[in-house]
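The values are calculated or read from the model by the stated rules, or taken from the named source; none is laboratory data. Quick caveat, the model's predicted, so the values are computed rather than measured. Neighbour counts run over all protein chains shown; Cβ positions are idealised from the backbone, glycine included.
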Amino acid sequence: MDITILHLAGWRDDGPLRTVIVEDELGGLPVLRATYRRAYAGPFAWPLITAVLAGARDAARRRPIDLVHAHVYTAAFPTAIAAARLRVPLVVTEHSTVFLDNDPGILSRRWDLMARLAFNRASVVAAVSPALEAAIHHVAPSARTAVIPNAVRSDMFHPRSAAPPLGRDRIRLVTTCLLVAQKRVDLLITAVAALAARGHDVELDIVGDGPLRRDLEAQARRDGVVVRFHGLLPKPAVADRLRRADAFVIASDFETFCVAAVEALACGTPVVATRCGGPEQFVTPEVGRLVPRGDATALATAIEELHAEGLARGGFARADIARSVEGFRPAAVRRAIMSAYGTALSPRR
């Protein structure tokens with residue numbers, strides 16, 4: 001399949017209202033980069049739309065275009081116009097949390113209308129989870145949707161050949177996330193403190209950074225718990241941390257998918273997660289626990305019970321846990337995308 005990437009590269013403070021800058025290579029694929037002036041950025045900004053149209057025309061000169069695929073609703077509206085001008089089908093992949101009820105963010109009327117028009121125009125809207133698919137139908141009830149998850153790299157996130165022994169006297173926890181309010185790392189630290197108060201020797205490794213780091217470090221000191229902040233780490237180092245943990249924990253208020261939790265499962269590490277949208281798709285009793293949002297006591301109890309279950313079994317069956325997310329490996333996701341393309345290219349009945 002011949003693919004050309006049109007990258008909406010962002011805005012400029014000066015220069016032409018729209019321009020296609022260069023063609024370069026990204027993983028062997030040609031990339032067209034389109035920019036537009038900052039003052040004209042927005043859902044109905046014609047300079048942004050003309051930037052997309054110019055890029056689409058330039059791509060069409062190089063080879064015939066059969067289909068266009070937009071990522072996220074903010075790019076979907078101008079791409080829908082380009083698809084109509086080119087008379088080809090449109091596929092949209094959506095993974096924004098703004099459509100979830102749990103997300104306090106609210107779409108403006110203009111953005112809501114833009115998303116509705118794009119979703120209804122698309123031949124397929126690919127949501128990354130069933131929760132997001134349901135939320136999209138609230139915006140565009142007649143949209144033709146499919147669930148296509150995010151992909152997790154097979155070459156990096158996988159179990160060790162020899163799994164580390166489960167810590168009998170210590171519970172080793174890990175989380176990887178941005179340190180922002182949505183992720184509720186404060187709740188996780190409170191749960192760790194509750195486990196310590198119950199007599200457990202527990203430690204938490206936090207991989208990630210963000211504006212709340214200082215506040216969270218101060219909370220950990222106040223609570224007197226063992227919490228290590230590692231900041232941002234390369235992916236191989238993240239995978240290594242996941243493999244060495246007894247459990248991965250995500251305490252978010254809302255997620256459309258949660259790639260970090262799937263990466264943990266792919267490494268054979270069980271997951272404790274809040275019912276925040278995405279994890280309900282893949283966190284089953286066989287691989288972890290789901291708890292209500294905003295409940296530190298329930299989070300602590302789930303971690304405690306999961307650890308006790310692992311001890312009773314003589315350790316977790318990490319290879320089985322990893323197999324539970326085979327559907328999120330690149331080959332499986334590629335098949336799902338190709339199926340969506342087939343649907344989009346088939347004549348409508």
ask   = Can you name every residue in the range 320-331 that is in contact (Cβ under 8 Å) with a residue 40 or more places away in the chain, over 30 Å from Asp186 (Cα atoms) and surrounded by 13 or more Cβ atoms within 10 Å (Cβ to Cβ)?
value = Gly327, Arg329
query = Which pairs do you get when a residue that is farther than 17 Å from Ala251 by Cβ, found in the range 267-294, comes within reach of a residue that is outside any strand (DSSP E or B) and among the charged types (D, E, K, R), reach meaning Cβ atoms under 6 angstrom, with the pair 6+ apart or on two chains?
reply = Cys267/Arg243; Gly268/Arg318
query = Can you tell which of Thr297, Thr256, Thr284, Thr301 is among the hydroxyl-bearing types (Ser, Thr, Tyr), farther than 19 Å from Val207 by Cα and buried (at least 21 other Cβ atoms within 10 Å of the Cβ)?
reply = Thr256
note = Within the range 59-74, the count of residues that are buried (at least 19 other Cβ atoms within 10 Å of the Cβ) and within 28 Å of the chain's Cα centre (by Cα) comes to 5
query = From Val262, Val238, Val249, which residue is part of a strand (DSSP E or B) and either at pLDDT below 95 or crowded, with 20+ Cβ neighbours inside 10 Å (or both)?
reply = Val249
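Right, His137: buried (at least 19 other Cβ atoms within 10 Å of the Cβ), in contact with a Ser or Thr (Cβ under 8 Å, 6 or more places away or on another chain), closer than 26 Å to Arg275 by Cα and not assigned by TED's automatic domain parsing to the domain that holds Gly294 or not? Steps first, please.
On the way: buried (at least 19 other Cβ atoms within 10 Å of the Cβ): no; in contact with a Ser or Thr (Cβ under 8 Å, 6 or more places away or on another chain): yes; closer than 26 Å to Arg275 by Cα: yes; not assigned by TED's automatic domain parsing to the domain that holds Gly294: yes.
Here the answer is no, as His137 does not meet what is asked.
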ask   = Is one or more of the residues making up the range 144-166 closer than 21 Å to Pro78 by Cα and surrounded by fewer than 17 Cβ atoms within 10 Å (Cβ to Cβ)?
value = yes
inquiry  = Please verify whether Val98 is at pLDDT 85 or above and touching a helix residue (DSSP H, G or I) at 6+ places or on another chain (Cβ under 6 Å), treating the condition exactly as stated.
reply    = no
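Within the group Asn150, Asn120, Asn102, which residue is more than 26 Å from Phe328 (Cα to Cα) and polar (S, T, N, Q)?
When all the criteria are applied, what remains is Asn120.
Of all residues in the range 304-317 being surrounded by 12 or more Cβ atoms within 10 Å (Cβ to Cβ) and out of contact with any helix residue (DSSP H, G or I) (no Cβ under 8 Å at 6 or more places or on another chain), which is nearest to Asp155 (Cα to Cα)?
If we take residues in the range 304-317 being surrounded by 12 or more Cβ atoms within 10 Å (Cβ to Cβ) and out of contact with any helix residue (DSSP H, G or I) (no Cβ under 8 Å at 6 or more places or on another chain), then Ala317 is nearest to Asp155 (Cα to Cα).
Any residue at all in the range 64-84 that's under 30 Å from Arg243 (Cβ atoms) and part of a strand (DSSP E or B)?
For the range 64-84, residues under 30 Å from Arg243 (Cβ atoms) and part of a strand (DSSP E or B): absent.
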